[in-house]
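Read the structure below first, then the notes.
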Amino acid sequence: MRRAMETVIKVENLTKRFGNFTAVDNISFEVKRGEIFGFLGANGAGKTTAMRMLCGLSIPTEGKGTVAGYDIFKQPELIKKSIGYMSQKFSMYEDLKVWENLELFGGIYGMNDKVIKQKTDELMIKLNFEDERDKLVKSLPLGFKQKLAFSVSIFHQPQVVFLDEPTGGVDPITRRRFWEMIYDATAQGITVFVTTHYMDEAEYCDRVSIMVDGRIEALDSPDNLKKQFNAKNMDEVFQQLARKAKRVDS
Amino acid sequence: MNTSENLPDIAIHCESVSKNYGKIQALSNINFDVNRAEIFGIIGPDGAGKTTLFRILTTLILAESGTAAIDGFDVLKDYKEIRKRVGYMPGRFSLYQDLTVEENLEFFATVFNTTIEENYELVKDIYVQIEPFKKRRAGKLSGGMKQKLALSCALIHKPSVLFLDEPTTGVDPVSRKEFWGMLQKLREQGITILVSTPYMDEASLCDRIALIQNGQFLKIDTPENIVSQFDDVLWAAKSDNMHKLLEDLRKDEQVKSSFAFGDSIHVTVDNGQLTVDSLKKYLIEKGHKNIKIEAIEPTIEDCFMELSTTQI
């Protein structure tokens, strides 16, 4: 287990309603520094809404919470500066070169030119990307893009990075290499908050929460969840919980 | 489609099909046949060529070389006939976002000169699940509901061959299981299904599969046969420190590959090279505790990784 047990995300009774629909219903949890926290749930369970609140993109209806030490009601702009975000769509500029994307995102996050240049050099060596440095992002194979997108999302050394289905569609080896990058990031003290539909990946998380109908129905380490639900793998745990959903997937 | 007509036993025939986009070779020499009322899976990652293959077989684009036929009709000469008899559900669910659920289904029925009532039996099981929302616009549906509507629309003219391009991508495990249940029922009604997926665990739900990567088929067979052809020795390894275990396994030269696989690490070894005991001994020397190594049956994902050429 990791040494530091500092809390990076803390939410209590967080709720979000749209009209009379309760998308996120009174959820509470904490995530520690350097932890890999898996955030699972069926489509429509409320994951995206919850994640948007944690990223400072949506103000909760009720409850309280802090991310990276900042209040999610009062300091969403400071939260945005302290986090990284990567989705399956990667959101890099396809018509910019690899180094240009890094310069752009580094600049947006307020890094100075010297640091950007130095960190770009380091990253190109680490990823074995030196030949790709001057290539347009759109010309890169999918696995490269994915690695680069993740590197961009943690380029400014955020306290926590949110990964929204980061491995969808990639081949099995690339998917595993990607998780090895996630472990590297946590070794640098970055906290990882990740959603996925691959249940084998739930096993790679330190702790996992499973949302059903807007509520967190289970939260523990994969081993403990398997014991609790008498299941041989996380897929069985997920199936048992998600089948209880009453909310129509709407 | 007229159900009383005699259909050939081979529903899809694909011979030496190649396609390139400029310098990019999207498909190289693809050969396979799909039998009547078979569920045939095309399994592989994004960018492998799955969608290109689907577009060629549904007559939407032309191959550079090779021939293909659906129900015995040639994709080049008889494209009009093919378009009448296939159902196609593209990756992004081509629904009309501004039409309601009901209007979408009616539109697709009308385009194929039929009515919802005429073929309702075929889509009933799927459509009843979204019927409570029939007045809702398609653009306002969740992913799971869009998927069900898109399948209903692809089926409403009673096609003989159904092409489903990544119907379960981004869909949660429970909905994925339900969707595959629907496909089994359609097959029982005699519909041939070609389905692509990036999820390796769905392979076992197909009668036969092709593993595809970089525009080439790595293997075509039943899932059982592909598993039985796995060449290496495969072990699942665990210890108290899984991250270090992966590092140490990769340092051992007799270990061919090692990758995280759920709660264990799958290790491949050349036949007759290394024994479980000698690997255990090595790991104990490296300081690992509670080491467990056991021989296991490979999954399709193990097979894909063994056959795969990607090593980045």
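Here are the numbers:
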quantity: From B:Thr299, B:Thr222, residue being closer than 19 Å to B:Gly41 by Cα and assigned by TED's automatic domain parsing to the domain that holds B:Gly41; calculated: B:Thr222
quantity: Some residue of segment B:85-96 being open to solvent by 60 Å² or more (accessible area, probe 1.4 Å) and within 14 Å of chain A (Cβ to nearest Cβ); calculated: yes
quantity: A:Phe129 in contact with a Cys (Cβ under 9 Å, 6 or more places away or on another chain) and open to solvent by less than 10 Å² (accessible area, probe 1.4 Å); calculated: no
quantity: Among the residues listed as A:Ile125, A:Ile79, A:Ile116, the single one being under 30 Å from A:Val11 (Cβ atoms) and either modelled with pLDDT of 95 or more or not small (Gly, Ala, Ser) (or both); calculated: A:Ile79
quantity: In segment A:11-34, the residues that are away from chain B (no Cβ under 14 Å), part of a loop (DSSP other than H, G, I, E, B) and closer than 29 Å to A:Tyr183 by Cα; calculated: A:Arg33
quantity: Segment A:142-158, residues that are open to solvent by 10 Å² or more (accessible area, probe 1.4 Å) and either touching a strand residue (DSSP E or B) at 6+ places or on another chain (Cβ under 6 Å) or without any contact (Cβ under 8 Å) to a residue 12 or more places away in the chain (or both); calculated: A:Ile154
quantity: Of all residues making up segment A:223-233, the number that are modelled with pLDDT of 95 or more and under 24 Å from the mean Cα position of the chain (by Cα); calculated: 3
quantity: Cβ-Cβ under 7 Å pairs, at least 6 apart or on other chains, segment A:232-245 side within 19 Å of A:Arg215 (Cβ to Cβ), far side open to solvent by 60 Å² or more (accessible area, probe 1.4 Å); calculated: A:Leu241/A:Glu217
quantity: All helices (runs of 4 or more DSSP H) inside segment A:89-165 with 2 or more residues being within 14 Å of chain B (Cβ to nearest Cβ) and of a type in the set (A, V, I, L, M); calculated: A:142-153
quantity: Matching residues in segment B:257-312 - criterion: being among the acidic types (Asp, Glu), more than 9 Å from chain A (Cβ to nearest Cβ) and in a loop (DSSP other than H, G, I, E, B); calculated: B:Asp270, B:Glu297
quantity: Those residues of segment A:35-58 which are open to solvent by 60 Å² or more (accessible area, probe 1.4 Å) and not in a loop (DSSP other than H, G, I, E, B), in sequence order; calculated: A:Thr48, A:Arg52
quantity: Looking only at segment B:149-181, and only at residues there that are within 14 Å of chain A (Cβ to nearest Cβ) and in a loop (DSSP other than H, G, I, E, B), the one that is farthest from B:Arg92 (Cα to Cα); calculated: B:Asp172
quantity: Set B:Lys148, B:Lys158: member being in contact with a Leu (Cβ under 7 Å, 6 or more places away or on another chain), in the same structural domain as B:Gly41 (by TED's automatic domain parsing), charged (D, E, K, R) and open to solvent by 10 Å² or more (accessible area, probe 1.4 Å); calculated: B:Lys158
quantity: Check on B:Leu307, hydrophobic (A, V, I, L, M, F, W, C) and open to solvent by 60 Å² or more (accessible area, probe 1.4 Å); calculated: no
quantity: When residues of segment B:241-251 are limited to those that are over 23 Å from A:Ala202 (Cβ atoms) and open to solvent by 20 Å² or more (accessible area, probe 1.4 Å), the one farthest from the other protein chains (Cβ to nearest Cβ); calculated: B:Lys251
quantity: Criterion (open to solvent by less than 70 Å² (accessible area, probe 1.4 Å), among the small types (Gly, Ala, Ser) and in contact (Cβ under 8 Å) with a residue 24 or more places away in the chain) met by exactly one of B:Ser264, B:Ser278; calculated: B:Ser264
quantity: Enumeration of residues in segment A:218-239 that are open to solvent by 40 Å² or more (accessible area, probe 1.4 Å) and within 17 Å of A:Thr196 (Cα to Cα); calculated: A:Leu219, A:Asp220, A:Asn233, A:Asp235, A:Glu236
quantity: Strands (runs of 3 or more DSSP E) wholly inside segment B:198-240 that include at least 1 residues being open to solvent by 10 Å² or more (accessible area, probe 1.4 Å) and of a type in the set (Asp, Glu); calculated: B:216-221
quantity: Check on B:Lys185, among the basic types (Lys, Arg), open to solvent by 30 Å² or more (accessible area, probe 1.4 Å) and part of a strand (DSSP E or B); calculated: no
quantity: Yes/no for B:Gln129 being open to solvent by 60 Å² or more (accessible area, probe 1.4 Å) and within 14 Å of chain A (Cβ to nearest Cβ); calculated: yes
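The values are calculated or read from the model by the stated rules, or taken from the named source; none is laboratory data. It should be emphasised that the depicted structure is a prediction, and the values quoted were computed from it without experimental measurement. Cβ atoms come from the backbone with ideal geometry, glycine included; neighbour counts cover every protein chain shown. For accessibility, only protein heavy atoms count, side chains too; no ligands or nucleic acids. Shrake-Rupley method; radii C 1.70, N 1.55, O 1.52, S 1.80 Å.
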